[in-house]
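The values are calculated or read from the model by the stated rules, or taken from the named source; none is laboratory data. Computed from a prediction, not measured in an experiment: that's the story for all the values here. In this analysis, Cβ positions are derived from the backbone assuming ideal geometry, glycine residues included, and neighbour counts consider all displayed protein chains. In case anyone asks, the SASA skips ligands and DNA or RNA and just uses the protein heavy atoms, side chains included. Shrake-Rupley method; radii C 1.70, N 1.55, O 1.52, S 1.80 Å.
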Amino acid sequence: MASWLQSKKMAMTDQRIHKWFWRATSNMSLQEFMLLMSCGKHIPNIYYFDSQSRSALQFRPGLLAWPVEYLLAFHSPKHVFGGRTRPSLRTVGQALNAWEHRLRWKLALQGSTPNPWNFLSGPNRFTRHCPLTYSNQVENFFQDMSSSVFKEVLRIRSRTNRCRALLDNSNGVVKLALNILEQGRLMALKTDKDGGFTLVEKSVLKTESLRILSNEHMYSKQNLSTSLADDLIAEFRSAVVFSLPDFLIREGPEQKQFLDAMFKPLQRRHCRAFSKLRYTVKTHKADGAVEWRAIHSSVDSPFSSAMSLVANLLKPALARLPHLLHNSHQVVQRLSEARIPEDAVFLRIDIREFFMSGLHTQFLEFCTPLVDKKWQNHFRALLTFILGSQYVTMEGCTDSVWQVKRGAGMGLSCSGEVCDATFYASVELALIPALPEFSVYHYFRFKDDLMLIVGGNAISRFQLLSKMKGLSKVWALKVESIDSDSCSFLDLQISKGPRWKRTKCLDICVFRKPSSQSQVLGSNSLHPAHVHRSWPAAMVKRAKRLCNTHKAVEQEILHLKQLVGARNGTAYAQMMVRDVPQLPSYPKQTFEGYMSRIIFPFHRDWWFGSLHSTVKRVLLDHSRSLVNATGKAIHVQIAYKLAHPPLSSVLFQTGIHNLMNTAWPILVDI
């Protein structure tokens, strides 16, 4: 009897598990279900950071909980989940309200000269209320547009009310994985250059954060006072006002426009005077050398206008430097037809701690002479303030901040230009004229990566390295590789292959790190349709730009098809990844009138309605009256923005939500 009861309980338990599994996977596509069934059979494409050995390890098959493996191994960090709830009428109203007031401001400012300094404050995400009213025709247009769009949204909401499960791209397995990560002892962080995720102990997050911030050469801990942010803003205002260039002081209207643009970020609703400390894990490094990259996230900084001005003042000087790269395609353009002799050697050098090295006085000393003389005093005052006002905060610590003592900041919008200018003025200004003495055929630099194609012998190369290290007073230089046959630089593999043997011109193709986790965007991600159409075409275009042989292009496109096919199915890969011939470029058409956009959060519900047709109908009904009232035509477009954060942000917030709770084990066996 007892054995019968026990078997009955087990059967009921199995039945409940089967029902749950069916509900959890009911809205999965066949391709996603096959990916789920493959969990536990192979080594998952996920790393684990071991803080003791400073290594990035991989899990044995079946060791990682299968919901977590499915979520992290088969979804891109940019993947967006959502769709369970209907589009909010509040967000629709906000989108219509923002569109209306943007258009009202355009009508109010017609004929006026725009502020030439608006580029300093960046895009305005919050539209201020416009109190002006216009003729009855224009007001009727605003009212008709809002009411018609609202009616269409209500019709869409009622039509999709009964099929919410079909519009939801999430499922029970994803929700279980997020629950495990929230309650467990591990959390997921993005890898630095491998395009995936690594799991770290939640206790290690705080340990590594304190390990980074305890470096007394780079950071100084301070108590967080309530007046510190206000003091920084007051100091920022003083630095801007009291160092204005003379030509701006003489020009009254332009001075006002400049100050308005500089102080515009202070009016943002969510501006933050302190940067947030964010992390990626350098899983591409060798075992024992895996470190965390600390990023000073300065999004919504009230000082973003000053950073933009500093960067723009340095750009003219940097644009005149041919060795300074902006992308990989420049390397391909310069090397594809260059003849490289047999004695040439590829030399790759890394500039250590590029963004976090150097005293603030050194940046001021080397950057200021590169700026136009009429701006030098203002530039020096702004850069002094920016470098001296770098403060970072750590998750879970509300009573302390850390001031950055060295470097130009990893994450500030001007740090790239400041470090580029400083390295050029301190090292390359004296080095580049002397390169022919050491038989240097080509010299390239992208931020902290250097590549040289050098002739001569070992002695001349040693003398070159000695000269470079002697000139570099700010940074330490590390030789990554010296090879006579090939070199990996940025995302390029440069080699003396078959093409070089025939023509003495180098073979160039796309380089992928052995540790790469490259996971393409899933076809069910909650992105607008144009994103799903454009990124495969962009990857094909990238392959054609970075490979200089037909065979390399074909291999890269085949590899891309395999990646897309493994994630989204072979049919999807064949349809989306195609070598489409480039169409001729036509001159951009100019529209005589007022162009405006209604920016809605993207939902799949919009597929079941006709928002675009509704907008076109209202425009057609009011087109003649609007031209008579405003003198020009008005055109309205519908655009979309993401309605939910990407997976990487969701995982980080999930990981720090409950750091101390370790009730659920994430590993099957340790």
Using beta carbons and a limit of 8 Å, which pairs, at least six apart or on different chains, have the first residue in region 74-103 and at pLDDT 90 or above and the second one part of a helix (DSSP H, G or I) and acidic (D, E)? F74/E32
Region 417-488: strands (runs of 3 or more DSSP E) wholly inside it with 1 or more residues that are under 15 Å from H323 (Cα atoms) are 440-446, 449-454
Scanning region 96-154 for residues that are of a type in the set (K, R) and in a helix (DSSP H, G or I), which turns out least open to solvent (accessible area, probe 1.4 Å)? R104
The condition from (1) surrounded by fewer than 18 Cβ atoms within 10 Å (Cβ to Cβ); (2) under 24 Å from the mean Cα position of the chain (by Cα) that L558 misses is numbered (2)
Could you tell me whether region 127-145 includes any residue that is of a type in the set (S, T, Y) and at pLDDT below 85? yes
Take K206 and decide whether it is surrounded by fewer than 19 Cβ atoms within 10 Å (Cβ to Cβ), in contact (Cβ under 8 Å) with a residue 12 or more places away in the chain, touching a Ser or Thr at 6+ places or on another chain (Cβ under 9 Å) and closer than 30 Å to M356 by Cβ. no
Between a first residue in region 246-267 that is under 14 Å from A234 (Cα atoms) and a second residue that is at pLDDT 80 or above and open to solvent by 40 Å² or more (accessible area, probe 1.4 Å), which pairs have beta carbons less than 7 Å apart while being 6 or more apart in sequence or on different chains? L266/I233
Considering (1) under 21 Å from N377 (Cβ atoms); (2) open to solvent by 30 Å² or more (accessible area, probe 1.4 Å); (3) of a type in the set (F, W, Y); (4) touching a Leu at 6+ places or on another chain (Cβ under 9 Å), say which one F274 fails and leave the rest. (1)
Please go through region 43-58 and give me each residue that is hydrophobic (A, V, I, L, M, F, W, C) and either buried (at least 19 other Cβ atoms within 10 Å of the Cβ) or over 19 Å from A73 (Cα atoms) (or both), ordered by number. I46, F49, A56
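This table checks each residue for (1) of a type in the set (F, W, Y); (2) closer than 30 Å to L642 by Cα; (3) at pLDDT below 90; (4) open to solvent by less than 30 Å² (accessible area, probe 1.4 Å).
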{"site": "L492", "(1), (2), (3), (4)": "no, no, no, yes"}
{"site": "C505", "(1), (2), (3), (4)": "no, no, no, yes"}
{"site": "I508", "(1), (2), (3), (4)": "no, no, no, yes"}
{"site": "Q519", "(1), (2), (3), (4)": "no, yes, yes, no"}
{"site": "V531", "(1), (2), (3), (4)": "no, yes, no, no"}
{"site": "R542", "(1), (2), (3), (4)": "no, yes, no, no"}
{"site": "P581", "(1), (2), (3), (4)": "no, no, yes, no"}
{"site": "K588", "(1), (2), (3), (4)": "no, yes, yes, no"}
{"site": "Y594", "(1), (2), (3), (4)": "yes, yes, yes, yes"}
Considering only residues of region 430-482 that are aromatic (F, W, Y) and either closer than 21 Å to G416 by Cα or free of Cβ contacts under 8 Å to residues at least 12 places away in the same chain (or both), which is most open to solvent (accessible area, probe 1.4 Å)? F462
